[in-house]
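Derivation of every value follows stated rules applied to the coordinates shown; laboratory data play no part. Note that the structure is predicted; figures quoted are calculated from it, not measured. Cβ placement follows ideal geometry from the backbone for every residue including glycine, while neighbour counts extend to all protein chains displayed.
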Amino acid sequence: MLDLGCGAGTDSLVAWLMVGREGSVTGIDMTPEMLAKAGAGAAALGAANVEFVEGEAEWLPFEDASFDVVISNGVIDLIPDKDAVFGEIHRVLVPGARLQIADVTIQRPVSDEGRRNIDLWTG
């Protein structure tokens, strides 16, 4: 499992609880400070099958078809080149894999009317 934009590693560690000892979780983030926090959290929990890698979502440092699940929580919206991000996600996922994102991704500005309509922003 790949956690895209893992930050301090919270979602990676939740994923670790779900995959158990047989699975593995890789978190990727572009900031060394967040990776240090994530690594410390994993070490404190004894999560040996969790690793954290420095990198950017637009250029994932992994081979093609490396992951069967990619998760992301609130990171994709922060990246200007969304086409590159989704292209990289597609590249690293094995055929038939899953993608689980919690994010808002838009290509055009939202109108004032759209901003006032809470039903457009909540699920």
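Brief remarks follow.
- For Asp64 and Met18, the FRET efficiency from 1/(1 + (r/R0)^6), where r spans their Cβ atoms and R0 equals 25 Å, is about 0.55.
- In degrees, nearest ten, helix 82-92 long axis to first principal axis of the chain (Cα): 30 degrees
- For the chain, the longest principal axis of the alpha carbon atoms and the long axis of helix 32-45 meet at an angle near 50°.
- Basic side chains Lys and Arg get +1 at the Cβ, acidic Asp and Glu get -1 at the Cβ, and with that the dipole of region 2-120 about its Cα centre reaches some 300 debye.
- Between 0 and 90 degrees, the angle of helix 10-19 with respect to the longest Cα principal axis of the chain falls at about 60 degrees.
- Fraction in percent of alpha-carbon pairs per bin - 10 Å, region 2-120: 13, 42, 29, 13, 3
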